[in-house]
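Take a look at the structure set out below.
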Amino acid sequence: MCVVALHCWSTFTRVASTGATFTGATSDWVRRACAALLLSVLLTGCSDSIQGVQTYDYPGGDMRGGMIAYDSLHSSAHLPPAGGPYSPLWQQCGQYTQPIYPEYAVHSLARGAVWVTYRPDISAAELSQLRAVVAAQTNTLLSPLPAQGAPVVATVWNAQLVLDSAADSRLSQFINTYAPPVTDAPAPAAPAPAAPAPAAPGSAERSVPDAGLGCTDGYLYSM
């Protein structure tokens, strides 16, 4: 919708600047329609964006050893962290039946991965559906999070979506939108860092520290 609105308005203004006119009442109608569309985008954001996504502003690059106390894990909602300090080790992409260490998972987020967590008491049918959705993308983590308030939470670096069900279509939309390549995960420090990859269609440009590195060849630790 963002692209359509901007294209509509730019086309109208470009035509108007040449002195050309639309016939009859068309000019006024087009102008009003484009203006309304552009105003809607400015007020509510792109319609391509996913409703309910919470964004953050973690800079990345803060590697630490040992256990890390993440504020989100100690909140009443008990949400997985969407950024912050992380271990020098990262979690191997894959589906886990036991909770994984957040320090490793956050490093995987920094490398551009999507981390989907679920409450262990969801039904077997819902878990099966969740596994199928996550399996459609390779750069993903799936793990239970016992104290999590919501049934399902999808997390990437600096963005998170809380869901009531694995059947929610926004889950696959979130994964497809924020899966690599992205520009918001923190990449590892390097003398000459590569230019950030373009953001996926429909996603806000994010600052992923280690974007594009993925979470292959990581560790297989679980709690």
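At a glance:
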{"quantity": "Where a residue in the stretch 55-74 is more than 26 Å from PHE174 (Cβ to Cβ) and its partner, wherever it lies, is surrounded by 14 or more Cβ atoms within 10 Å (Cβ to Cβ), with Cβ under 6 Å and at least six apart", "calculated": "ARG64/PRO85"}
{"quantity": "Count - residues of the stretch 148-178 that are under 17 Å from LEU109 (Cβ atoms) and in contact with a strand residue (DSSP E or B) (Cβ under 7 Å, 6 or more places away or on another chain)", "calculated": "16"}
{"quantity": "Selection from the stretch 108-129 of residues that are without any contact (Cβ under 8 Å) to a residue 40 or more places away in the chain and of a type outside the set (Ser, Thr, Tyr)", "calculated": "ARG119, PRO120, ASP121, ALA124, ALA125, LEU127, GLN129"}
{"quantity": "Odd one out for THR138, checked against (1) in contact with a strand residue (DSSP E or B) (Cβ under 8 Å, 6 or more places away or on another chain); (2) part of a loop (DSSP other than H, G, I, E, B); (3) touching a residue at least 40 places away in the same chain (Cβ under 8 Å)", "calculated": "(1)"}
{"quantity": "Filter result (assigned to a loop (DSSP other than H, G, I, E, B) and not acidic (Asp, Glu)) within the stretch 55-71", "calculated": "TYR56, TYR58, PRO59, GLY60, GLY61, ARG64, GLY65, GLY66, MET67, ILE68, ALA69, TYR70"}
{"quantity": "When residues of the stretch 86-128 are limited to those that are among the charged types (D, E, K, R) and assigned to a loop (DSSP other than H, G, I, E, B), the one surrounded by the fewest Cβ atoms within 10 Å (Cβ to Cβ)", "calculated": "ASP121"}
{"quantity": "Residue, farthest from the chain's Cα centre (by Cα), within the stretch 54-66, restricted to residues that are loosely packed, with under 15 Cβ neighbours inside 10 Å and within 25 Å of VAL162 (Cα to Cα)", "calculated": "PRO59"}
{"quantity": "Pick from the stretch 72-83, criterion in contact with a Gly (Cβ under 8 Å, 6 or more places away or on another chain) and either surrounded by 14 or more Cβ atoms within 10 Å (Cβ to Cβ) or not in a loop (DSSP other than H, G, I, E, B) (or both), ranking: modelled with the highest pLDDT", "calculated": "GLY83"}
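The values are calculated or read from the model by the stated rules, or taken from the named source; none is laboratory data. Since we're looking at a predicted model, the values are computed, not measured. A quick note on method: Cβ atoms are made from the backbone with ideal geometry, for glycine too, and the neighbour counts reach across all protein chains shown.
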